[in-house]
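A.B. asks: The following block contains the structure, expressed as C-alpha cells.
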Amino acid sequence: MPRTLVTGGAGFLGSHLCEYLLNQGHTVIAMDNLITGTVDNITHLSRESFSFVKYDVTDYMYIDGPLDYVLHFASPASPRDYLEYPIQTLKVGSLGTHKALGLALEKKATFLLASTSEVYGDPQIHPQPESYWGNVNPVGPRGVYDEAKRFAEALTMAYHRYHQVDTRIVRIFNTYGPRMRPEDGRAIPTFVPQVLRGEPITIFGDGSQTRSFCYVDDLIDGIYRLLLSNTHDPINIGNPDERSILELAEMIVRLTGSHSSIEYRALPVNDPQVRQPDIGCAKDVLGWEPKVPLEEGLKITVDWFRKQLKIGRK
C-alpha cells in the first residue's frame, strides 16, 4: 500500500486529491496550515488510512516512517488569497518547495509539484504550450504567485538533475468544482453565490478576457496519470474549452434561472487577457483529456454551492 504525503491537503484541490488517492489504495497524510484550507474539506475522509497534520510546510518537515510519494499542493491559489498573503505565498513556493523536495530526497520518494498556468503570465502565445517561457511581471501584485511557482519549477528540476529525485510538474489551468470557497476571488466561486443570492454579477474589465475551465474530477485524473508516468518535464492539465468571462457569467445566470444583472469594474493589474492550455503533451504522454463539459460541471458546482449557502431552488 503506497504511503503518500499531500501538502495543502485541506484545500480545494488537495482534498480532492487525498480522496482520490485513498480510493486508489494509498495511505494518505494531509498536511496544511489552514490559512486558506479548511478541515471541513476532509472530515468525510476519516478512516484508518488517512491522517491530518496541521503544519506550516515552510518549516522543517519530518514524517516518521517511509514515504512513496510527496505531492506539494500547499499554496494560496486565488488572486484574493495571494494578494492578502503575499509573503506566505512566496515562502510556500520557495521555502515550502525546498522542504518538500528535501523530504522526498530523504525518503527516496517520487515528488510532484502543483504548478500553474500562471507561469505563462499574460501570454503572447495562444494557446499555451509547455515550451512557452511566459510573459510575467515579477514586480507586479500577481508576481508573488507567478514567480513563486516559476521558482518552484526551477527548484524541482534542480533537485531532479542534481540529486536525481524522481520529479513531476503539473501546470494546472483554471479548475472548478465542489469545495471551492465562496468569493475566493476566482470567477466561478464569485459568480455562483452572487446569482444564487440574486445579487449583481461583478465582472472585472469588459468580460472579453478568456479562461479555460476544467472540472476538478478531470484534473485529478490527469494528475494521477502524471504521477504514475515517467515524465519529468512540465505537463499542462486543463480543459482547452476557452470561454470569455462574460459568456461564463451568462451561462451561470441561465443555469440558475437568475435575473442577476452584470456590473463592470476596473480590471486588476496584469490580469491575463487569454488563457487556454495546449494539451497535446497530456494526450500523447498520459493518454489524458478532459471529459466533463462545462455546463455539466457547472450544474454540479451550483448544486454544491446551494447546499453550502443553504439557498433552495426557486
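The values are calculated or read from the model by the stated rules, or taken from the named source; none is laboratory data. Being a predicted model, the structure only gives us computed values, none of them experimental. Here the Cβ is made from the backbone with ideal geometry for all residues, glycine too, and neighbour counts use every protein chain on show.
A.B. asks: Would you check if there is a residue in the stretch 27-40 being closer than 30 Å to L267 by Cα and in a helix (DSSP H, G or I)?
C.D. replies: No, the conditions are met nowhere in the stretch 27-40.
A.B. asks: Exactly one of (1) assigned to a helix (DSSP H, G or I); (2) among the hydrophobic types (A, V, I, L, M, F, W, C); (3) in contact with a Leu (Cβ under 7 Å, 6 or more places away or on another chain); (4) crowded, with 20+ Cβ neighbours inside 10 Å is unmet by L21. Its number?
C.D. replies: All conditions are met except number (3).
A.B. asks: Pairs please, first residue from the stretch 247-271 and farther than 23 Å from S117 by Cβ and in the same structural domain as L298 (by TED's automatic domain parsing), second anywhere and outside any loop (DSSP other than H, G, I, E, B) and of a type in the set (G, A, S), Cβ atoms under 8 Å, 6+ apart in sequence or on different chains.
C.D. replies: Listed pairs, sorted by first residue: I262/A249.
A.B. asks: Something else now. Exactly one condition in (1) of a type in the set (V, I, T); (2) surrounded by 15 or more Cβ atoms within 10 Å (Cβ to Cβ); (3) more than 17 Å from the chain's Cα centre (by Cα) is false for V139; which is it?
C.D. replies: (2) is the only condition that V139 fails.
A.B. asks: If you go through the stretch 27-47 one residue at a time, do you hit one that is among the basic types (K, R), assigned by TED's automatic domain parsing to the domain that holds S78 and within 15 Å of F73 (Cα to Cα)?
C.D. replies: no
A.B. asks: Of the conditions (1) closer than 22 Å to F213 by Cα; (2) modelled with pLDDT of 95 or more; (3) in contact with a strand residue (DSSP E or B) (Cβ under 9 Å, 6 or more places away or on another chain), H160 clears all except one; give me its number.
C.D. replies: (1)
A.B. asks: Let me ask something additional. Within the stretch 266-285, which residues are in contact with a Ser or Thr (Cβ under 6 Å, 6 or more places away or on another chain) and of a type in the set (A, V, I, L, M)?
C.D. replies: V274, V285
A.B. asks: Could you check, for the stretch 256-278, whether at least one of its residues is out of contact with any strand residue (DSSP E or B) (no Cβ under 7 Å at 6 or more places or on another chain), assigned to a helix (DSSP H, G or I), at pLDDT below 95 and more than 26 Å from L83 (Cα to Cα)?
C.D. replies: Checked against the condition, which is being out of contact with any strand residue (DSSP E or B) (no Cβ under 7 Å at 6 or more places or on another chain), assigned to a helix (DSSP H, G or I), at pLDDT below 95 and more than 26 Å from L83 (Cα to Cα), the stretch 256-278 yields at least one hit.
A.B. asks: Tally time: how many residues in the stretch 143-184 are in a loop (DSSP other than H, G, I, E, B) and either over 30 Å from E199 (Cα atoms) or of a type in the set (G, A, S) (or both)?
C.D. replies: 4
A.B. asks: If I ask for residues that are among the polar types (S, T, N, Q), touching a residue at least 60 places away in the same chain (Cβ under 8 Å), under 22 Å from G11 (Cα atoms) and buried (at least 20 other Cβ atoms within 10 Å of the Cβ), which ones from the stretch 108-136 would you list?
C.D. replies: Answer for the stretch 108-136, where residues must be among the polar types (S, T, N, Q), touching a residue at least 60 places away in the same chain (Cβ under 8 Å), under 22 Å from G11 (Cα atoms) and buried (at least 20 other Cβ atoms within 10 Å of the Cβ): S115, S117.
A.B. asks: Please determine, by comparing only the residues of the stretch 142-155 that are of a type in the set (G, A, S) and over 26 Å from G65 (Cα atoms), which one is surrounded by the fewest Cβ atoms within 10 Å (Cβ to Cβ).
C.D. replies: A154
A.B. asks: Taking the options L90, L112, L95, name whichever one is in contact with a strand residue (DSSP E or B) (Cβ under 6 Å, 6 or more places away or on another chain) and of a type in the set (A, V, I, L, M).
C.D. replies: L112
A.B. asks: I've got another one for you. Mind checking which pairs have a first residue in the stretch 77-95 that is under 9 Å from T58 (Cα atoms) and a second that is aliphatic (A, V, I, L, M) and outside any helix (DSSP H, G or I), Cβ under 6 Å, 6 or more apart or different chains?
C.D. replies: From residues that are under 9 Å from T58 (Cα atoms), the pairs are V92/A74.
A.B. asks: I would also like to ask the following. In the stretch 229-246, what count of residues is obtained for those that are over 28 Å from P138 (Cα atoms), acidic (D, E) and either without any contact (Cβ under 8 Å) to a residue 40 or more places away in the chain or part of a strand (DSSP E or B) (or both)?
C.D. replies: 0
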